[in-house]
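**Student:** Can you keep this structure in mind? I'll have questions shortly.
Each value in this text was obtained by applying a stated rule to the coordinates, not by laboratory testing. Predicted model only: the values in this text are computed from it and were never measured. Here Cβ is always computed from backbone atoms with ideal geometry, including for glycine, and neighbour counts include all displayed protein chains.
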Ligand code: PAF
């Protein structure tokens, strides 16, 4: 079993793996089928696979969100090694990744951080890029795998990799959903059974709005009405957005790459989801 806790150990192992194509799946643990799909894809496409498990404090703007974040290291390692016992797992401590002070660096985002998660969670994407850059520096992967549930994060990481000429291909993977359509997230375990079942309406609503030529204002009205029928769920935002710029579109255009994004809070848990409009 290859479970590493120290950057030095990662460095030594990476020296020995130099000849191999490597894939990285960065996670914050509490793994679900969505993560396992990323890991399985990384295994198909690379000779050596690294999964990192680290609840990164600098990307949480809300301390109670960080405190509540689920952790299950032993079960995570078992699930990863169920896919392949040769997969390398790196699960460092906070002081290993932030020896001085757990503080984010400042990045420039070309405006991609000004909307949605970036607007609602100040500093979040600086925290994400701080840890992703440290992990890329340690592992130097040929490919890194990210899920489309966190689509804004994915675009921000792609933009950073392009701008900084980092020789890592960012592979985006489709959202994996629970049986009722709820996008898989480590946070789903924090929901009561009843709310988790009810939350299937989020994807039903997005699906209704996609691909049927609805106007933007009609989409917003449909989403607002759907949430009004589920009063436990606060709608934080609903936005039709251009996939590349992440700016709100003026109108829905079937010939352009556009998506609907929603964020909601329920039982103190933040849930996000999105769907391609065309
Ligand atoms: O998507 C996540 O789980 C996290 O934001 C990431 C990319 C592992 C960085 O902590």
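**Student:** Within region 225-243, track down each residue that is in a helix (DSSP H, G or I) and surrounded by fewer than 15 Cβ atoms within 10 Å (Cβ to Cβ).
**Tutor:** Applying the first criterion (in a helix (DSSP H, G or I)) to region 225-243 yields 225-228.
Passing the criteria: 225, 228.
**Student:** Still on this model: Quick one: would you say residue 112 is touching a residue at least 40 places away in the same chain (Cβ under 8 Å), assigned to a helix (DSSP H, G or I) and closer than 20 Å to residue 128 by Cβ? Steps first, please.
**Tutor:** Numbers: touching a residue at least 40 places away in the same chain (Cβ under 8 Å): yes; assigned to a helix (DSSP H, G or I): no; closer than 20 Å to residue 128 by Cβ: yes.
No, not satisfied.
**Student:** Could you list, in sequence order, the residues of region 131-144 that are within 25 Å of residue 176 (Cα to Cα) and more than 10 Å from the ligand (Cβ to nearest atom)?
**Tutor:** Filtering region 131-144 down to residues within 25 Å of residue 176 (Cα to Cα) leaves 131-132, 135-136, 141-144.
Those that are within 25 Å of residue 176 (Cα to Cα) and more than 10 Å from the ligand (Cβ to nearest atom): 136, 141, 142, 143.
**Student:** From the list 49, 94, 77, pick out the single residue that is more than 19 Å from the chain's Cα centre (by Cα) and crowded, with 17+ Cβ neighbours inside 10 Å. Lay out the reasoning, then the answer.
**Tutor:** Values: 49 fails: more than 19 Å from the chain's Cα centre (by Cα); 94 fails: crowded, with 17+ Cβ neighbours inside 10 Å.
After applying the criteria, what remains is 77.
**Student:** While we're here: Here are some conditions: (1) surrounded by fewer than 19 Cβ atoms within 10 Å (Cβ to Cβ); (2) under 16 Å from the mean Cα position of the chain (by Cα); (3) away from the ligand (no atom under 13 Å from the Cβ). Residue 172 meets all but one. Which one does it not meet?
**Tutor:** Here residue 172 meets the rest and fails (3).
**Student:** Quick test for you: out of 40, 74, pick the one residue that is free of Cβ contacts under 8 Å to residues at least 40 places away in the same chain and more than 16 Å from the ligand (Cβ to nearest atom). It would help to see each step written out before you state the result.
**Tutor:** On the way: 40 fails: free of Cβ contacts under 8 Å to residues at least 40 places away in the same chain.
One residue alone meets the criteria, 74.
**Student:** Now, a different point. Would you say residue 23 is surrounded by 14 or more Cβ atoms within 10 Å (Cβ to Cβ) and within 14 Å of the ligand (Cβ to nearest atom)?
**Tutor:** On the way: surrounded by 14 or more Cβ atoms within 10 Å (Cβ to Cβ): yes; within 14 Å of the ligand (Cβ to nearest atom): no.
Against the criterion (surrounded by 14 or more Cβ atoms within 10 Å (Cβ to Cβ) and within 14 Å of the ligand (Cβ to nearest atom)), residue 23 does not qualify.
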